[in-house]
Each structure stands twice: as C-alpha cells, then as structure tokens.
1. Is it true that some residue in the range 65-73 is part of a loop (DSSP other than H, G, I, E, B), at pLDDT 90 or above and either of a type in the set (D, E, K, R) or more than 17 Å from Gln157 (Cα to Cα) (or both)?
2. Testing Lys68 on (1) open to solvent by less than 60 Å² (accessible area, probe 1.4 Å); (2) of a type in the set (D, E, K, R); (3) more than 19 Å from Glu27 (Cα to Cα), one condition comes back false. Which one is that?
3. Which pairs have Cβ atoms under 6 Å, sit 6 or more apart or on different chains, and link a residue in the range 130-156 that is free of Cβ contacts under 8 Å to residues at least 24 places away in the same chain to one that is crowded, with 18+ Cβ neighbours inside 10 Å?
4. Provide a single number: the residues in the range 1-58 that are in contact with a helix residue (DSSP H, G or I) (Cβ under 6 Å, 6 or more places away or on another chain), modelled with pLDDT of 90 or more and open to solvent by less than 20 Å² (accessible area, probe 1.4 Å).
5. For the structure I just gave you, tell me whether Glu104 is closer than 26 Å to Val17 by Cβ, out of contact with any strand residue (DSSP E or B) (no Cβ under 9 Å at 6 or more places or on another chain) and either at pLDDT 90 or above or of a type in the set (D, E, K, R) (or both).
6. Does the range 147-157 contain any residue that is touching a Ser or Thr at 6+ places or on another chain (Cβ under 6 Å) and part of a helix (DSSP H, G or I)?
7. From the set of residues in the range 77-104 that are assigned to a helix (DSSP H, G or I) and touching a residue at least 24 places away in the same chain (Cβ under 8 Å), which is least open to solvent (accessible area, probe 1.4 Å)?
Amino acid sequence: MADSSFDIVSKLDRQEVDNAVNQAVKEVGQRYDFRNTGASITLGGDEIVMTANAEERVLAVLDVLQSKLIRRGISLKALDVGEPKQSGKEVRLAASLKEGISTEDAKKISKIIRDEGPKSIKARIEGDELRVSSKSRDDLQSVIALLKGKDLEVALQFVNYR
C-alpha cells in the first residue's frame with residue numbers, strides 16, 4: 001500500500017483580503033465616530049496602511065479591519081501589525097500580510113510532529129510548505145488534530161490530503 005500524505009501551507013486568499021478591506025473602507029466611511037477624523041484604509045501589495053488623526057482612531061480602524069477579516073475567514077495570524085507612527089498631523093499604522101511558512105517555523109512544526117505525533121509519521125520541508133506522509137490515514141488525521149490544538153504563530157492550512 002502506498003503512503004498517504006498531506007501538505008501544511010500558509011496561504012492567503014487575496015480576493016477575500018481585498019473584500020475585507022473594501023468592507024472596512026465602506027464601514028469607516030459611513031460610521032459617525034469616524035467623521036472628520038481623516039480615517040482611511042489602503043491595500044497595496046502585501047501591506048495594508050491605516051491612517052487617522054489620532055492614535056485611538058487608527059486603532060479603532062484596525063479593530064474594524066480585523067473584524068472584517070475574521071468574518072471573511074482569514075486568520076489574524078496572517079496579519080503582522082506594526083506600531084502607530086505620527087507623521088505630521090496624522091497617525092499611520094502599517095500591517096503587512098504574512099504568507100508562506102518560514103524555515104524556522106517549518107522546523108518547529110516538524111519537531112512538534114516528531115516529538116508528539118505517531119512514530120510512523122515522516123515530515124519534510126519543501127520550500128515554504130511541509131509535506132507529511134505516513135502509511136496510516138488515521139495517523140495523518142491525528143497529526144492534523146495535534147497541530148490545530150497547538151498555538152502556533154502561523155496560520156496553517158492542510159491541503160492535498162491523499
């Protein structure tokens with residue numbers, strides 16, 4: 001019998017991110033508490049920039065964006081939020097989008113699988129993803145449950161389960 005396997009990846013659905021940002025822009029434009037604050041959100045490449053005239057207003061804009069991302073099914077672990085910076089009369093807050101599993105994160109995940117998972121599991125790093133294989137599909141499902149239970153700083157998806 002051939003080995004069963006699945007891939008662990010960290011990918012973003014760009015269309016859902018775009019939809020969430022557009023919904024947040026709409027809400028910020030319509031809400032009374034954001035009137036005359038210069039509050040705005042822009043998406044450019046891998047970065048979302050939020051601006052407002054006060055630090056608490058820009059943090060409120062961030063809260064609106066985070067709620068829209070959650071509603072769209074995007075993990076907040078994929079959002080790397082910086083510190084609010086004063087520039088002139090406005091406060092800017094930049095948040096970058098993280099995609100892919102870094103080498104050190106892949107090594108951490110692989111170590112968790114080796115230490116706590118079933119012994120028949122083999123995990124190997126392939127670029128920015130992890131391929132996990134075993135003879136038993138039950139073992140693979142137990143690894144998925146194990147990783148979902150861990151609090152990792154990366155948003156994980158499990159794909160190509162065969």
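1. Looking through the range 65-73, at least one residue is part of a loop (DSSP other than H, G, I, E, B), at pLDDT 90 or above and either of a type in the set (D, E, K, R) or more than 17 Å from Gln157 (Cα to Cα) (or both).
2. For Lys68, the failing item is (3).
3. Asp139/Ile121
4. Residues in the range 1-58 being in contact with a helix residue (DSSP H, G or I) (Cβ under 6 Å, 6 or more places away or on another chain), modelled with pLDDT of 90 or more and open to solvent by less than 20 Å² (accessible area, probe 1.4 Å): 6 in total.
5. Against the criterion (closer than 26 Å to Val17 by Cβ, out of contact with any strand residue (DSSP E or B) (no Cβ under 9 Å at 6 or more places or on another chain) and either at pLDDT 90 or above or of a type in the set (D, E, K, R) (or both)), Glu104 qualifies.
6. Checking the range 147-157: not a single residue is touching a Ser or Thr at 6+ places or on another chain (Cβ under 6 Å) and part of a helix (DSSP H, G or I).
7. Ala78
The values are calculated or read from the model by the stated rules, or taken from the named source; none is laboratory data. Every value quoted in this text rests on a predicted model; they were computed, and no experiment measured them. With ideal geometry, Cβ positions are generated from the backbone for all residues, glycine too; neighbour counts draw on all protein chains shown. Side chains included, ligands, DNA and RNA excluded: accessible areas come from the protein's heavy atoms. Shrake-Rupley method; radii C 1.70, N 1.55, O 1.52, S 1.80 Å.
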